[in-house]
Amino acid sequence: MLVIAIGADLLMKRTSAAARGWLWLCTLVALLLLPLGNLIPEHSLPQSLTFTALSVHNRPNPMRGVESGFTWLAALWVVGCLLMLSRTAAAVTGALSLVAHSRVLGLHHGCAVRIADAVAGPVAWSFGAGVVVLPAEAQDWEASRFEAVVQHERAHLLNFDSQALLIAEIARAVYWFHPLVWYARGRLRLEQEHVADDHVLRCGQSASAYASELLKVVRARKRVPLMAGAGVLATLDRRITAILDEGRSRTMLNWKTKLSSFGLIIGLVLPLAAMQSDRPVYKIDDGVTPPRLIFKQEPDYTQAAKDAHIEGTVLLTVVIEADGTTSDVRVERGLDPGLDANAVEAIHQWVFKAAEKEGAPVAVSARVEVHFRLK
């Protein structure tokens, strides 16, 4: 998913920063949805079922050794995730404290503007009512500079950039081990600044004058966590280049476009999340009670098999899920292509009382025999 997002970002070089920023935000949201695969049922319940008998055999679980072997990696991930989340919690606390200890300057363009001695550059906090926090020196700025900076920070408030940054921080905490997630977070922050710059230019500011004011304002060497702002020195050259690029697209995305594209992303990710679910699959042994067949759909006898007088048994391997449905049905020993396909189709409609481990329903692997007999 991250590689696809990087490729899409490269193809969107001449599109607006708003579109690229939305791409990265949707990608980070999609990454957070992937672990929800365990909660998504893979099959719906069958509509018409009848009783039958079942033959279930022990089958080794190929993931069992892998799960035990990588327990230490799971512990390492938990530690890293908790450390990253604690940093995010500290950032939220720090932002709230900064706003609480700032001084009211007034309203400008409908947004609250405050002054704080603790910030090196202007920042915006879009949670709650939203507020723009300026450094103490802002009280001595020229009117043109003050106007440009407040317009920039107001764009962050309108775009709910602090909320987007919180999503990025949570995604980075969950996938702290993955360098491309850190890259995606950095790209989101940069595009947020480009979008805010585009907003200032769309409001009528001269590109050269705004770039000049930006050079005088941006002094911070570190970003304020979870607070969108006029930027840091590390990205200033790219922003100045983008501001002075007359051929650059500066269109904004409307909510209809955002919602439709986000819906498309969700529609693509949820099936992928269900497919990559890594739920444990047990074998039936002393610690796991076997599943019990409740309902079944009888498989059809193909006319070709009848004419050829084919009889026998199709042996299938199947995973009986914790909700009683079946998945991963495969033919281990076939009888006839048509009968094999009908057997698989029928098994998908069977319903079980799930196997249990320590009183809780679990997924188990099993072999199922489907018999075909001519009357």
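Each value in this text was obtained by applying a stated rule to the coordinates, not by laboratory testing. None of these values were measured; they are calculated from a predicted model. Note: ideal-geometry Cβ built from the backbone for every residue, glycine included; neighbour counts use all protein chains shown.
For every helix of n ≥ 4 consecutive DSSP H residues, a contribution of -39,500 (n - 2.57) applies; sum these over the chain, divide by its total residues, and give [θ] at 222 nm rounded to the nearest 500 deg cm²/dmol.
Computed ellipticity for the chain at 222 nm equals -15000 deg cm²/dmol.
Under 29 Å between C-alpha atoms is the cut-off here; go through the chain and count lysine pairs that meet it, provided they're at least eight residues apart or on different chains.
So the count of such lysine pairs works out to 12.
Within the set of other residues whose C-beta is less than 10 Å from the C-beta of L374, count the net charge using Lys and Arg as +1 and Asp and Glu as -1. Numbers along the way, then the final one.
Values: positive: K306, R373, K375; negative: E311.
In short, +2.
May I ask you to derive the FRET efficiency for D285 and I167 from their Cβ-Cβ distance with R0 = 51 Å, giving the value to the nearest 0.05? Working shown, then result.
Numbers: r = 43 Å, r/R0 = 0.84.
The calculated FRET efficiency here is 0.75.
Pick from A354, A19, A30 the residue whose mean-square fluctuation is largest in a GNM of the chain, springs joining Cα atoms under 10 Å.
Greatest mean-square fluctuation among the candidates belongs to A354.
Taking loop as defined by DSSP and a crowding limit of 13 other beta carbons within 10 Å, which GluC sites (Glu not before Pro) in the stretch 332-375 fit?
Taking the stretch 332-375 and a limit of 13 other Cβ atoms within 10 Å, the loop GluC sites (Glu not before Pro) found are E358.
Each residue of the stretch 245-254 in order: what ³J(HN,Hα) in whole Hz does its phi give by Karplus 6.51 cos²θ - 1.76 cosθ + 1.60, θ = phi - 60°, with x for Gly and Pro?
7, 5, x, 6, 6, 10, 6, 9, 8, 7
Explain nothing, just compute: Karplus ³J(HN,Hα) = 6.51 cos²θ - 1.76 cosθ + 1.60, θ = phi - 60°, for every residue of the stretch 113-126 in order, whole Hz, x for Gly and Pro.
For the stretch 113-126, the Karplus-derived couplings read 10, 10, 10, 9, 7, 8, 10, 8, x, x, 9, 10, 10, 9 Hz, x marking Gly and Pro.
May I ask for the longest run of the chain untouched by chymotrypsin sites (Phe, Trp or Tyr not before Pro) that are loop-located per DSSP and have at most 13 neighbouring C-beta atoms (other than their own) within 10 Å?
178-375
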